[in-house]
Amino acid sequence: MDELIGESKLAFDDIGAGEPALLLFPGWCADRGILAALAEIESKKRRVINVDLLGHNESRRPEGDFGSEDMIRETIKLVDSLNINEFVTVSVAHAGWIAIELRRRLVNRVPKMVFLEWIIIEPPEIFFETLDKIQKPDQWQSARDALFIGWSVGDPNLAKPFHEFMTNYDFDMWSRAGREISRSYREFGSALRFLETLAPAPTVLNIYSPTQMKSLYSLLDDTKYLEAQQVFANKHHWYHIYRSSSRSHLPSVEVTQEVADAIEYFLCGSAS
């Protein structure tokens, strides 16, 4: 781990060299270890900053409550203190809301964005029901454990990263996550709608697992989810899709090399 520097409250690993740098950050209630293997592979080609979100893992914990806005401000302080001129965000799940806001504020410094396993269209109602449950003291643990089972498709081996990197957080953090994530979807409807508001438009790659989306929307396959994105991509040439072979909610752990290859292909100017 690098030392916390300057006024930044964020812990991070800074490895590799070359721009654009990659700024990696996990989702709520997760440690940056979820992205460590991906960071190691990518660092052979470029500079990689793997960050713990504010209040998470080795990052400093603010006194009192905090939210997405605090995370955004601290991330901007960090990239400024590291003298990073241009960087590409690689965000896991709902950290994508933070990534989009970084792009909006630092428009000339964030040319491209990569989203990993994020619900990019409107979530189903059961998703909001889960967010409500994790904000209740008597239900949050059972709701969290149900998420772990779903994210790992019931496979104990695939569940290991969730238990290793996401069980260090108590009700306080999980309820905060539920509040902030719900607030973003209620305000913007979907990430695709938010992306449409950015001008000029960023170049975006969404990497997702068909297995996870099929389960989330209770569909036989991911056709509807994919088609919704394809309609958007046909309208916006800057939006790209990659369907990973991952079964779990963590392609960065399960199929690390595949994700790294997809990112590199995207950064070189193409995406499938």
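The values are calculated or read from the model by the stated rules, or taken from the named source; none is laboratory data. Small disclaimer: the values here were computed from a predicted structure and weren't measured. Don't worry about glycine lacking a Cβ; one is built from the backbone with ideal geometry, like all the others, and counts go over all protein chains shown. Only protein heavy atoms, including side chains, enter the accessible area calculation; ligands, DNA and RNA are left aside. Shrake-Rupley method; radii C 1.70, N 1.55, O 1.52, S 1.80 Å.
Here are a few things to note about the model shown:
- Most to least packed among 228-236, 98-106 [average Cβ atoms within 10 Å]: 98-106, 228-236
- Each of Ser218, Asn206, Ala177 was placed along the dipole of region 102-238 (beta-carbon charges, centred on the mean Cα), and the one lying farthest toward the positive end is Asn206.
- Using C-alpha pairs under 8 Å with a sequence gap of at least 6, the mean separation divided by the residue count of region 125-171 gives a relative contact order of 32 percent.
- Length-normalised contact order for the chain - Cα pairs under 8 Å, 6+ apart - percent: 19 percent
- Span from the region 151-219 Cα centroid across to the region 76-100 one, whole angstrom: 17 Å
- The magnitude of the dipole of region 91-170, with charges of +1 and -1 set on the Cβ of Lys/Arg and Asp/Glu and taken from the Cα centre, is near 600 debye.
- For region 99-222, a simple Cβ point-charge model (Lys and Arg +1, Asp and Glu -1, everything else neutral) yields a dipole of about 600 debye relative to the Cα centre.
- Radius ratio Rg over Rh of the chain, counting only Cα atoms, Kirkwood formula for Rh: 0.93
- With both labels modelled 7 Å from their Cα along Cα-to-Cβ, the Lys224 to Ile149 distance reads 2.4 nm.
- Couplings 3J(HN,Hα) of region 107-117, computed from phi: 3, 7, 10, 10, x, 9, 9, 10, 10, 10, 6 Hz, in residue order, whole Hz [Karplus 6.51 cos²θ - 1.76 cosθ + 1.60, θ = phi - 60°; x for Gly and Pro].
- Check: region 24-88 dipole with +1 on Lys, Arg Cβ and -1 on Asp, Glu Cβ, in debye: 360 debye
- Accessible surface calculations at 1.4 Å, restricted to protein heavy atoms, place region 223-271 at 49 Å² per residue.
- Amide H contacts under 5 Å for His240: Val204, Leu205, Asn206, restricted to partners 5 or more places along the chain or on a different chain, H placed in the peptide plane at 1.01 Å from N.
- Members of Lys77/Lys235; Lys160/Lys214; Lys112/Lys214; Lys112/Lys160; Lys77/Lys136 lying beyond 25 Å, as alpha-carbon distances in this model show: Lys77/Lys235; Lys112/Lys214; Lys112/Lys160; Lys77/Lys136
- Here the 3J(HN,Hα) profile of region 90-101, calculated from phi with Karplus coefficients 6.51, -1.76 and 1.60 at θ = phi - 60°, is 10, 10, 9, 6, 6, 5, x, 4, 5, 4, 4, 5 Hz, Gly and Pro shown as x.
- From phi via Karplus (6.51, -1.76, 1.60), per-residue ³J(HN,Hα) for region 54-64 in Hz, x at Gly/Pro: 3, x, 10, 6, 8, 6, 6, 9, x, 6, x
- Extension gain (nm, one decimal) between Asp65 and Ser81, 0.36 nm per residue minus Cα-Cα: 3.3 nm
- Less than 5 angstrom separates the built amide H of Leu24 from those of Ile49, Asn50, Val51, Val90, all sequence-distant by 5 or more or on a different chain.
- With a cut-off of 13 Å between beta carbons, the residues surrounding Glu254 carry a summed charge of -1, where Lys and Arg count +1 and Asp and Glu -1.
- Each residue, Arg186 and His236, gets one label point 7 Å from its Cα in the Cβ direction; the gap between the two is 2.4 nm.
- Among 44-52, 260-268, the peptide with the highest mean count of other Cβ atoms within 10 Å heads the list, and the full ranking is 44-52, 260-268.
- FRET efficiency, 1/(1 + (r/R0)^6) with R0 25 Å, evaluated for Glu164 and Glu258 via beta carbons: 0.75
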